[in-house]
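What follows is a short report on a single structure.
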Amino acid sequence: MKKGAAACIVFAAAWTLPALCGTAPDARGAPMTLHTSARQIEVTPRYCGELVKIWGKVPRDSDVIVKLVSPRETAMFSRKGKVGPFWLSVNRVRFENVPWMYKIKSTRPLNDILPPGLQVRYQLGEKGLKSSIRVQDGLDCGLYLNELILIREKDRLFSICDTGVVCGRGEFRTSFFWPADGPPGRYFIEAFVVKNRKIVGSKTCVIDVKKVGMEAWVSRLSKTHGILYGAFAVALAIAAGLSASLAFKHSRGELAES
Amino acid sequence: MTIFLPVAGIDINLFLLIGVGAFVGFVQGLLGSGGFLLTPLLIMMGVNPAVATASGINAIVGASVSGTYTHLKAGHVDVKMGLLMLAGGVAGGGIGTILVKILRAMGNLDVVIILCYVVFMAVIGVIMFVEGLSSRVKGEEGSRGSSAVLKWMGRMPFQMHFKVSDVETSALAPLFLGGFVGILAAVMGVGGGFFLIPAMTFLLDMPMQVVVGTVLFQMLFTSGSVTFMQAAVNHNVDAILAAVLLVGSTLGAQMGARLVRRLKADQLKVAFSLMVMAMSIKMLNDLLVSPAFFLVELGARR
């Protein structure tokens, strides 16, 4: 009985949680909702990234911009330069206020639906993203920002897309992919309703990416208790080595002679 | 089926990973060396070089434990020699670990690791190639120490007697040999047997059986302490990656050891040496071509 009741509660919670994202009408009274297929992404040993679906209601005949962004932080890079025949890191470059993930999709190209001033103000699109990041003084801003964005795009952490949101009959839907090597943390999904080149409504929703179980334990231990983790790593290797060689009785440790 | 590696922070095909471990173990079982391929293969699969070296050395702990036990029981370990080497190994491992920390902060660790492997694999490849071609000729004269080298070793300070090996030599020799492989263990993630076994037969004139036992003994404890130091200082040991590799390599080593009598090892050695040289050239080429990005992110976000 108890089990059944618990399952019921979980079931109910699963239904109500997305709804909590926001059904309240925006300031103008136009109905707007924002739902996501997951509130939390769990990183387990089987984790290989996750596609999160996003949908909601918006006033008819409006455009929609959906942005996925992580908290911002300082990012350090080193610049490669040619030293003799080799490419080595020659100096450091500091970026401030960089999100580790930034993805944006919209119903139509941003420039067609929103003036540049508003793109910058709401940190939307390439213009908005670039203007929000600070590059270390004395460097060619444009060059370094382009490189930063290219690197993050290669890692599938940034994506700036002019389309990708489907909208019709007052409903929109889109999706974002979390790459498996995207770091755990708190992410924000923001949806903006655009009408007549103005933002007329917005909703925000939080998605947490968390390592759970063994993944969480191992990575937390390795970062915070290096000494303890070292002992664990040695013990695990000894146990694995012994049990593997016990499985083959005639093992003489050939591998080790490398 | 993929597995997410918690410290490396990437998802990777589990069977591919076991396969790489099995291949390295197989070559090791068949030819007697090849463990040094593990780290470059991991790097080529997309594992961060710092994580690949530290996890590689972690796997060696497990790979040398049963062999050490067997040799200890058989009395083939010169414990006095082994402990001196271990002292050098821990010191060298400590220096190597700090070197890794400094190079990583500079952003040049990857280049240094890859460059070490380029040189190292080129040398090993050439040696194996020559060995494979000329092995039918050799055999009349053992490769034990020449008298000139032994005389020179005899003039070094701190001479002492090693009972199990039945040799008289300077205490500095095992200290320095251990120290050198300790640095290699931290920077490159290799056990160092390929270097120690010929060095100890040649420089110290030790009997082969005792060399193998003693090398395994010091390798177990040196790799253990390097794993420990890397985990404590650089946080780059992926124990899960190491455990998966161990399962694969034990499997492969068994198969290699069983097939060793049925296959023509000389020809395999030549083929393998060509592969090692090709890998060395590929890695060198990767260092020389202009990088896709002129910026490299420092430090992990996860």
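A few comments on the model shown:
- From the list B:M188, B:M200, B:M128, the lone residue that is closer than 20 Å to B:K269 by Cβ, at pLDDT 80 or above and crowded, with 18+ Cβ neighbours inside 10 Å is B:M128.
- Pairs where the first residue, in region A:37-54, is within 14 Å of chain B (Cβ to nearest Cβ) and the second is assigned to a loop (DSSP other than H, G, I, E, B) and surrounded by fewer than 16 Cβ atoms within 10 Å (Cβ to Cβ), C-beta under 8 Å, 6+ apart: A:E42/A:V212; A:V43/A:V212; A:T44/A:V212; A:R46/B:M1; A:G49/A:P179
- Note on region A:160-258: enclosed strands (runs of 3 or more DSSP E) holding 1 or more residues that are at pLDDT below 90, more than 10 Å from chain B (Cβ to nearest Cβ) and surrounded by fewer than 17 Cβ atoms within 10 Å (Cβ to Cβ) are A:166-168, A:198-211.
- In this structure, B:A50 qualifies as of a type outside the set (K, R), within 21 Å of A:D155 (Cα to Cα) and surrounded by 20 or more Cβ atoms within 10 Å (Cβ to Cβ).
- Selection count where residues are surrounded by fewer than 23 Cβ atoms within 10 Å (Cβ to Cβ) and among the small types (G, A, S), scope region B:1-21: 2
- Residues being under 15 Å from A:F192 (Cα atoms) and in contact with a strand residue (DSSP E or B) (Cβ under 7 Å, 6 or more places away or on another chain) are represented in region A:125-138 by at least one member.
- Looking at region B:179-293, the helices (runs of 4 or more DSSP H) lying wholly inside it that each contain 2 or more residues that are within 30 Å of A:Y144 (Cβ to Cβ) sit at B:265-288.
- When B:L172 is tested against (1) crowded, with 19+ Cβ neighbours inside 10 Å; (2) over 27 Å from B:T53 (Cα atoms); (3) at pLDDT 85 or above, only condition (1) is not met.
- Residues (free of Cβ contacts under 8 Å to residues at least 12 places away in the same chain and facing chain A (nearest Cβ under 7 Å)) located in region B:200-252: B:F228, B:A232
- Only listed residue being modelled with pLDDT under 85 and more than 15 Å from the chain's Cα centre (by Cα), chosen from B:V20, B:V7: B:V7
- Residue within region A:189-197 that is free of Cβ contacts under 8 Å to residues at least 24 places away in the same chain and at positive phi present: yes
- Qualifying residue in region B:14-33 (condition: closer than 24 Å to B:K101 by Cβ and within 9 Å of chain A (Cβ to nearest Cβ)): no
The values are calculated or read from the model by the stated rules, or taken from the named source; none is laboratory data. Just so we're clear, the structure is a prediction, and the values are computed from it rather than from any experiment. Please note: Cβ atoms are built from the backbone with ideal geometry, for glycine as well, and neighbour counts cover all protein chains shown.
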